[in-house]
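Enquirer: Input: one structure, supplied below.
The values are calculated or read from the model by the stated rules, or taken from the named source; none is laboratory data. What you see is a predicted model, and the numbers here were worked out from it, not measured in a lab. Using ideal geometry, Cβ is built from the backbone for each residue, glycine included, and neighbour counts are taken over all protein chains shown. Areas reflect the complete protein model, heavy atoms only, side chains present, ligands, DNA and RNA absent. Shrake-Rupley method; radii C 1.70, N 1.55, O 1.52, S 1.80 Å.
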Amino acid sequence: MVADGSLSAENSYREPAVCARITGKRFNGETNGRVILKVDHLVIGSESRLKDVLIVAASVKVESGFRGKVQIFARDSVVLEDGVLLEYPSGIYLNGANPEGYLKLGNACEVNGYAIVEETEPLQGRPQARYIQPESARVRGLLRVNGIAQVQGTVTGSAWIYEGYYFSTEGYYSGIFYNARFIATNDFPYPLWQEGPYERMCVQWLY
């Protein structure tokens with residue numbers, strides 16, 4: 001089906017999935033259940049009501065103040081503005097098709113479920129973060145970044161990060177996590193994304 005950004009739909013998981021192609025660039029509707037929204041570039045409005053919905057897009061921006069349960073699958077970028085709350089079970093998956101693709105969390109954001117950034121071809125020149133999490137943001141569940149990540153704030157659950165960087169106005173520093181907390185717990189089920197065996201490396205405190 002084809003619908004605009006004001007789509008209102010509810011579909012039980014006992015029924016076949018409803019796939020809707022969104023014609024506008026901004027979604028402010030109310031959608032619940034086994035619904036898949038497909039669009040090239042989408043802005044999820046703060047007034048939107050989404051519960052247990054899948055979004056498939058090239059890029060997605062979630063406006064400040066949004067709260068809901070949604071799984072986002074994107075190619076180019078996913079940006080959560082300040083104060084976004086993705087309730088459990090939610091998730092974000094960046095597929096690695098675009099070497100300049102990135103996932104960015106705003107201040108005081110919270111993701112409950114998973115955040116996954118897949119591998120892509122390395123860019124030439126100055127390193128670029130493919131995952132950015134500020135000090136006031138929080139991920140509960142699985143964080144997996146197969147690339148450069150600037151991780152601050154708190155990760156509760158499990159984290160697999162290929163390379164940690166810290167970017168500042170003065171320059172960038174490799175092999176470092178700055179003002180980050182990693183708390184191991186099994187309280188949050190999440191997708192099994194890692195095939196073993198894998199190597200764990202020691203992280204040390206620097207003062």
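Enquirer: Please pick out the residue among 135, 110, 118 that is modelled with pLDDT under 95 and either out of contact with any strand residue (DSSP E or B) (no Cβ under 6 Å at 6 or more places or on another chain) or closer than 24 Å to residue 188 by Cβ (or both).
Expert: Working: 135 fails: modelled with pLDDT under 95; 110 fails: modelled with pLDDT under 95.
Testing whether each residue is modelled with pLDDT under 95 and either out of contact with any strand residue (DSSP E or B) (no Cβ under 6 Å at 6 or more places or on another chain) or closer than 24 Å to residue 188 by Cβ (or both) leaves just 118.
Enquirer: Within segment 43-60, can one find any residue that is more than 24 Å from residue 192 (Cβ to Cβ), touching a Leu at 6+ places or on another chain (Cβ under 9 Å) and among the charged types (D, E, K, R)?
Expert: no
Enquirer: Looking only at segment 58-71, count every residue that is surrounded by fewer than 23 Cβ atoms within 10 Å (Cβ to Cβ) and in a strand (DSSP E or B) and tell me the total.
Expert: Selection size over segment 58-71: 7.
Enquirer: Ok, one more. Can you find, within segment 178-207, the residue that is most open to solvent (accessible area, probe 1.4 Å) among those that are at pLDDT 70 or above and polar (S, T, N, Q)?
Expert: Ranking the candidates gives 186 first.
Enquirer: If you don't mind, there's one more thing I want to ask. Tally time: how many residues in segment 88-100 are buried (at least 22 other Cβ atoms within 10 Å of the Cβ) and either among the hydroxyl-bearing types (Ser, Thr, Tyr) or outside any strand (DSSP E or B) (or both)?
Expert: Looking only at that region, the number is 1.
Enquirer: On to the next question. Out of all the residues in segment 152-168, is one or more without any contact (Cβ under 8 Å) to a residue 40 or more places away in the chain, closer than 30 Å to residue 24 by Cβ, open to solvent by less than 30 Å² (accessible area, probe 1.4 Å) and not in a loop (DSSP other than H, G, I, E, B)?
Expert: Among the residues of segment 152-168, not one is without any contact (Cβ under 8 Å) to a residue 40 or more places away in the chain, closer than 30 Å to residue 24 by Cβ, open to solvent by less than 30 Å² (accessible area, probe 1.4 Å) and not in a loop (DSSP other than H, G, I, E, B), which makes the answer no.
Enquirer: Let me ask something else about it. Just to check your reading of the model, which residue among 97, 9 is farther than 19 Å from residue 139 by Cα, within 17 Å of the chain's Cα centre (by Cα) and at pLDDT below 95?
Expert: 97
Enquirer: Within segment 101-140, count every residue that is open to solvent by 70 Å² or more (accessible area, probe 1.4 Å) and either assigned to a strand (DSSP E or B) or within 11 Å of residue 80 (Cβ to Cβ) (or both).
Expert: 4
Enquirer: Here are 74, 20: which of them is at pLDDT below 95, open to solvent by less than 50 Å² (accessible area, probe 1.4 Å) and in a strand (DSSP E or B)?
Expert: 20
Enquirer: Restricting the search to segment 100-131, which residues are more than 11 Å from the chain's Cα centre (by Cα) and hydrophobic (A, V, I, L, M, F, W, C)?
Expert: Hits for segment 100-131 are 108, 123, 129.
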